Amino acid sequence: MKNQKLFWKTEKRKVKDLLPYERNPRVISNKQMEDLKRSLKKFNLAEVPAINEDGKICAGHQRVQALILLGRGEEEIDVRVPSRQLTDAEFKDYLLTSNRSGGEFNWDMLAEDFGIDELKTSGFDDTDLSHIFDSNLEIEDTEWDEEAELEKVKKTDIKQGDHFMLGRHH
């Protein structure tokens with residue numbers, strides 16, 4: 001059976017019927033999940049999950065989870081299904097390859113072709129932006145007036161009463 005040529009077909013399945021692989025090592029942060037949900041709301045499901053013949057998810061765990069969180073569990077979606085049941089080794093190989101072979105970004109191209117707002121909206125965080133823009137940003141050198149800043153703090157942040165004032169309690 002393993003020697004049988006493998007091909008993939010598209011079928012319809014309910015989101016809630018897709019079975020997560022209990023040992024899926026891929027995790028995303030809460031922010032990444034929110035970015036994924038935002039993307040699904042805006043663009044719908046452009047990249048369909050891949051499942052094994054038995055319904056177990058090979059690729060797309062996070063997309064399926066996001067759809068469930070968006071209340072779309074009853075919805076039928078396209079999924080990719082192999083022409084035969086994958087062996088355990090094939091399943092694990094595909095699971096890892098599909099999540100690991102995403103490539104890297106060309107940071108210079110991102111800086112040249114996309115604005116900060118576009119990148120933030122798409123899920124890039126401050127760490128990513130520092131990779132993209134550190135070498136490309138010209139930071140304006142402004143004078144720091146410590147005395148003026150201290151005066152602002154004294155006038156706006158410190159009040160009489162039961163507040164902490166300059167190292168002593170009242």
Problem set entry | Label-point separation, Glu53 to Met33 (7 Å along Cα→Cβ), nm | 3.4
Exercise. For segment 8-48, what % of the accessible area comes from carbon and sulfur atoms, probe 1.4 Å?
Worked result: 49
Seminar exercise, completed: Quarter of the surface of the C-alpha convex hull for segment 35-130, i.e. direction-averaged projected area in nm², equals 7.7
Seminar exercise, completed: Given pairs Lys5/Lys37; Lys120/Lys152; Lys9/Lys41; Lys14/Lys41; Lys5/Lys42; Lys16/Lys42 and cut-off 27 Å on Cα-Cα distance, the over-length ones are Lys5/Lys37; Lys120/Lys152; Lys5/Lys42
Problem set entry | Computed E for Glu11/Ser130 - FRET, C-beta separation, R0 45 angstrom, nearest 0.05 | 0.55
Exercise. Sorted by packing (mean other beta-carbon atoms within 10 Å per residue), highest first, where do 25-35, 48-58 land?
Worked result: 48-58, 25-35
Problem set entry | Extension gain (nm, one decimal) between Glu22 and Arg100, 0.36 nm per residue minus Cα-Cα | 26.2 nm
Exercise. So how do 78-85, 126-133 stack up, highest first, on mean other-Cβ count within 10 Å?
Worked result: 78-85, 126-133
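The values are calculated or read from the model by the stated rules, or taken from the named source; none is laboratory data. These numbers come from a predicted model, not from an experiment. No Cβ is skipped: glycine too gets one built from the backbone with ideal geometry, and neighbour counts run over all protein chains shown. Accessible surface areas use protein heavy atoms only, side chains included; no ligands, DNA or RNA. Shrake-Rupley method; radii C 1.70, N 1.55, O 1.52, S 1.80 Å.
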